[in-house]
Amino acid sequence: MRLSQRVAVITGAAQGIGAACARAFAAEGAHVVVSDVNEVGGTSLVREIAAAGGMAVFCRADVGEKHDAERLVAHAVDHFGRLDVLLNNAGIVHAADFVDLAEEDFDRVLRVNLKGAFLCAQAAVRQMLAQPPRDGGGRGVVINMSSVNAVLAIANQVPYTVSKGALNQLTKVMAIGLADRGIRVVGIGPGSIATELLKTAVLTNEAAKTRILSRTPMGRLGEPAEIARIAVFLASDDASYLTGTTLYPDGGRLALNYVM
């Protein structure tokens, strides 16, 4: 098991990619703290992981609140004794044309997607630095869930696109600042993945689905489990020389110049 005995906190883990990552981490031997504002979904996932023989606990946290971020890390330490991996997966969207976007909606999205990642990472890194390193010398890994829209853009997804672009820079600046202290920081930038969020925000009709698939060379949506396998790799020693980079599982979308 690639993550045996490692302790991982995953935010936004009640559904979608976060839930798939929690399942995959537990299957690889990690002790997982499932975190979300959705208590029903989060506690249900913990029961599912336990039924499959894994180890997980739930902690409700609003990642945009510093106290909650710190309490989340403390919850991991209280239950499992340390923290080895933070997966910043919590994220929200808000659709509006640029000229119509309300200030409060811009702030609300950045509060979760960017500030939340910063607050959780800061709390997690402080714990990683305070605890003894694992065998092999590594002190921990932070994984930021970005998006292809950190590089590309969708006209009516202004705060989401801005937040993911900034998250990529947060990944880089954290990585170079922590490289000599035994902490790796990496990102994952998924393309169109078959999650609840995509279905409600983008896949509103058949024409929308056709439009998405037309710009995806592999001709299909990705699955949350495919992203989870990448997260497991990045959290493991198999990725021990990777830091400061974001991987893009996007079905070839970023490589596409134009649609025939």
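What follows is calculated from the coordinates using simple rules that are stated; it is not laboratory data. What you are looking at is a predicted structure, and each value in this text was computed from that prediction instead of being measured. Cβ atoms come from the backbone with ideal geometry, glycine included; neighbour counts cover every protein chain shown.
One Cα centroid belongs to the stretch 136-177, the other to the stretch 193-254; the line between them spans 14 Å. Translational diffusion coefficient of the chain (Stokes-Einstein, Kirkwood radius from Cα pairs, 37 °C, 0.692 mPa s): 179 µm²/s. Sparsely packed loop sites in the stretch 71-140 (the trypsin sites (Lys or Arg not before Pro) outside DSSP H, G, I, E and B with at most 16 other Cβ atoms within 10 Å) comprise ARG134. Electrostatic bookkeeping for GLU104 treats Lys and Arg as +1 and Asp and Glu as -1; over the other residues with beta carbon under 15 Å from its beta carbon, the sum is -1. With a cut-off of 13 Å between beta carbons, the residues surrounding LEU170 carry a summed charge of +3, where Lys and Arg count +1 and Asp and Glu -1.
Per-residue ellipticity at 222 nm computed for the chain from its helices equals -13500 deg cm²/dmol, with DSSP H segments shorter than 4 residues left out and the rest contributing -39,500 (n - 2.57). A crude spin-label estimate for the pair PHE106 and GLU223, with each label 7 Å from Cα along the Cβ direction, gives 4.0 nm. By the count of other C-beta atoms within 10 Å, a proxy for reagent exposure, ASP100, ASP105 are ordered fewest to most as ASP100, ASP105. Of the chymotrypsin sites (Phe, Trp or Tyr not before Pro) in the stretch 198-260, the ones in a loop by DSSP (not H, G, I, E or B) with at most 10 other beta carbons within 10 Å are TYR241, TYR258. Which of VAL37, VAL85, VAL232 moves most in a GNM of the chain, Cα contacts under 10 Å? Among VAL37, VAL85, VAL232, the largest GNM mean-square fluctuation belongs to VAL37.
Less than 5 angstrom separates the built amide H of ILE193 from those of GLY222, all sequence-distant by 5 or more or on a different chain. In this structure the amide hydrogen of THR246, modeled in the peptide plane, comes within under 5 Å of the amide hydrogens of GLY187, none closer than 5 places in sequence on its chain.
Listed values for the stretch 90-96 are Karplus-derived 3J(HN,Hα) couplings in whole Hz (6.51 cos²θ - 1.76 cosθ + 1.60, θ = phi - 60°), namely 4, x, 9, 10, 8, 8, 6, and x replaces Gly and Pro. Annotation: amide H of VAL7 within the under-5 Å range of HIS31, ASP84, VAL85, sequence separation 5 or more or interchain, hydrogens built in the peptide plane.
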